[in-house]
Each structure stands twice: as C-alpha cells, then as structure tokens.
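Notes to accompany the following structure.
Nothing in this text is a laboratory measurement; each read-out follows from the coordinates by a stated rule. What you see is a predicted model, and the numbers here were worked out from it, not measured in a lab. Using ideal geometry, Cβ is built from the backbone for each residue, glycine included, and neighbour counts are taken over all protein chains shown.
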Amino acid sequence: MLYITYWELNPDKDVRELTRVLAKLQQEGKWPLPGTEILAFYVTPSIPMWGITIGRSSNEEDFYRSLLMLLNEVPGYFKSYRVSPVQEARDMMKLALG
C-alpha cells in the first residue's frame with residue numbers, strides 16, 4: 001500500500017522537541033514500525049509548518065499501527081493530519097482508459 005500524508009504542525013508547540021522525539025524513535029528502531037517504509041519526508045519553512053510524507057506499508061494494519069504510535073508519542077503536535085492511498089498517475093490513466 002502506497003500512501004501520502006499531508007500534515008500541519010501546531011504552531012504553539014516547539015518543533016525542536018518533535019524533532020528530538022522523532023530522532024530518538026528512529027535511533028531505537030521504533031519508527032517507522034516494521035512493515036512500514038518512509039519513501040519521502042518533505043517539510044516547508046512556513047508558519048504553521050506543514051509537509052508531506054510518502055510511504056509504503058505491507059498492509060493497512062502496519063500502517064495504522066505506525067501512525068497511531070507516532071501520534072501517541074507526540075500528542076498535540078499535529079494540527080492537521082490527512083492520509084490517503086495513492087497510485088502512480090500512469091497506472092491510474094491505464095485504468096481510466098480501460
């Protein structure tokens with residue numbers, strides 16, 4: 001399963017603390033969880049800070065476990081978090097053209 005996540009950070013939270021938590025989780029091998037791979041992780045310099053993450057998961061359960069673990073580790077840091085499965089445009093065009 002390939003997915004894209006759009007997220008906005010809470011401007012009232014210190015992004016440096018979020019960065020420390022993410023680095024610690026990655027060093028300990030706790031995020032992303034096994035079965036989930038981060039393919040791209042982009043952030044903007046705007047306020048509120050926002051970005052996108054592109055990832056792959058072996059199944060929906062692994063994806064949701066990884067997402068919930070992250071959200072539980074940093075409560076209140078995300079102002080908005082939108083996730084959707086995605087497909088390469090050329091593959092979608094093949095489907096559309098039959």
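Could you tell me the distance between the Cα centroids of the stretch 58-84 and the stretch 1-25, to the nearest Å?
10 Å
Most fluctuating residue of Pro45, Pro34, Pro85 in a GNM of the chain with Cα springs under 10 Å: which is it?
Pro45
How large is Rg over Rh for the chain, taking Rg from the Cα atoms and Rh as the Kirkwood inverse mean of 1/r across Cα pairs? Intermediate results must be reported in sequence, preceding the final value.
Numbers: Rg = 14.9 Å, Rh = 14.6 Å.
Here the Rg-to-Rh quotient is 1.02.
Enumerate the calculated ³J(HN,Hα) couplings along the stretch 38-45 in order (Karplus 6.51 cos²θ - 1.76 cosθ + 1.60, θ = phi - 60°), each rounded to whole Hz, writing x wherever the residue is Gly or Pro.
Coupling constants for the stretch 38-45: 8, 8, 8, 9, 10, 9, 9, x Hz.
Give me the lysines in straight-line cross-link reach of Lys24: C-alpha distance below 27 Å, same-chain residues under 8 apart excluded.
Result set, ordered by chain and number: Lys13, Lys79.
Place a +1 charge on the Cβ of each Lys and Arg in the stretch 42-83 and a -1 charge on the Cβ of each Asp and Glu, then give the dipole magnitude about the Cα centre in debye, rounded to the nearest 20.
The calculation lands at about 180 debye.
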